[in-house]
Amino acid sequence: MSDKLALEYLKFRNQCEFDLRCIEALLRYFKGEFIFTKEQLIDVSKEIASFDMSRFLPLLDKIPKFRLILCDDNDKFPNVNIFNDRIENNLSATFKAGEQRNKAIEHFKALFKDAKSIFIYDNYLYENHNLASLEKLIEECKIKCNIYLDRITYDKLNKNKNLSSKIKSKIAIDKAHNLNSKNTHDRYIMIDNNNNNIEIILTSGIDYLFDTSKDFTYIIREI
């Protein structure tokens, strides 16, 4: 990490006065332990009289596992700006083929619980097997709010004769998310929850939340 962040983090670890905003942003990237240079530890020992450098010597000059340097003023690789960067540290879960997805279903259910609305983007949602999965998602995750779709998906869905009344009563056309389907390959679920908005990125269709024949991964990020 940068010299400035190293100093703030070690102030925090040594119960000295520190920059709270900086530490809150920095800890979002915490993965086991941060790595320091010898020069950083020497500089910190000059700033903090009670600093015990020996505690951090095993972390000296190791190669960062993720090959990144955390900072607060630069987003050019290998730097990551802790306040605003494309590289984020988000929650994710992966279920291999054959593994039950009960924990994922319960997680989705909890995320949907207080949602004002849900937006789903999936180019293949209108196909029969996905319709069944959408209905199962509504039932098992106890979705009570409206589910919004882009116009193209909404129109295709309504042409499907197997569309159930349960789904039809839930879906509507969304005007807030102008995603270009030609440039979007992942599936998204966006949850509007009283300005605490969350995006779930699905690496495969909703059907694999219930179908264990293939792997299923989802990523959760704040938006």
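The values are calculated or read from the model by the stated rules, or taken from the named source; none is laboratory data. It should be emphasised that the depicted structure is a prediction, and the values quoted were computed from it without experimental measurement. For neighbour counting, all protein chains shown are included, and Cβ atoms are generated from backbone atoms with ideal geometry for every residue, glycine included. Surface accessibility is based on the protein's heavy atoms, side chains included, excluding ligands, DNA and RNA. Shrake-Rupley method; radii C 1.70, N 1.55, O 1.52, S 1.80 Å.
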Subset of the stretch 24-53 [among the polar types (S, T, N, Q) and either within 31 Å of the chain's Cα centre (by Cα) or open to solvent by 40 Å² or more (accessible area, probe 1.4 Å) (or both)]: T37, S45, S50
Residue satisfying condition, being over 19 Å from Y208 (Cα atoms) and either out of contact with any helix residue (DSSP H, G or I) (no Cβ under 6 Å at 6 or more places or on another chain) or not hydroxyl-bearing (S, T, Y) (or both), within set L111, L125, L60, L91: L60
May I ask you to verify whether R21 is open to solvent by 30 Å² or more (accessible area, probe 1.4 Å), over 26 Å from L202 (Cα atoms), under 21 Å from the mean Cα position of the chain (by Cα) and among the basic types (K, R)? yes
In the stretch 124-138, what residues are more than 15 Å from K159 (Cβ to Cβ), out of contact with any Phe, Trp or Tyr (no Cβ under 9 Å at 6 or more places or on another chain) and either among the hydroxyl-bearing types (S, T, Y) or surrounded by fewer than 18 Cβ atoms within 10 Å (Cβ to Cβ) (or both)? H129, E135
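This table checks each residue for (1) exposed (fewer than 12 other Cβ atoms within 10 Å of the Cβ); (2) at pLDDT 85 or above; (3) under 12 Å from the mean Cα position of the chain (by Cα).
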| residue | (1), (2), (3) |
| --- | --- |
| K175 | yes, no, no |
| R187 | no, yes, no |
| N194 | yes, no, no |
| S204 | no, yes, no |
| S213 | yes, yes, no |
Whichever residue in the stretch 136-162 is part of a helix (DSSP H, G or I) and modelled with pLDDT of 90 or more and, among such residues, is farthest from D174 (Cα to Cα): E140
Filter the stretch 94-123 for residues that are without any contact (Cβ under 8 Å) to a residue 24 or more places away in the chain and under 17 Å from K144 (Cα atoms); the one that is surrounded by the fewest Cβ atoms within 10 Å (Cβ to Cβ) is A110
All but one of (1) at pLDDT below 95; (2) open to solvent by 40 Å² or more (accessible area, probe 1.4 Å) hold for N74; state the number of the condition that does not hold. (1)
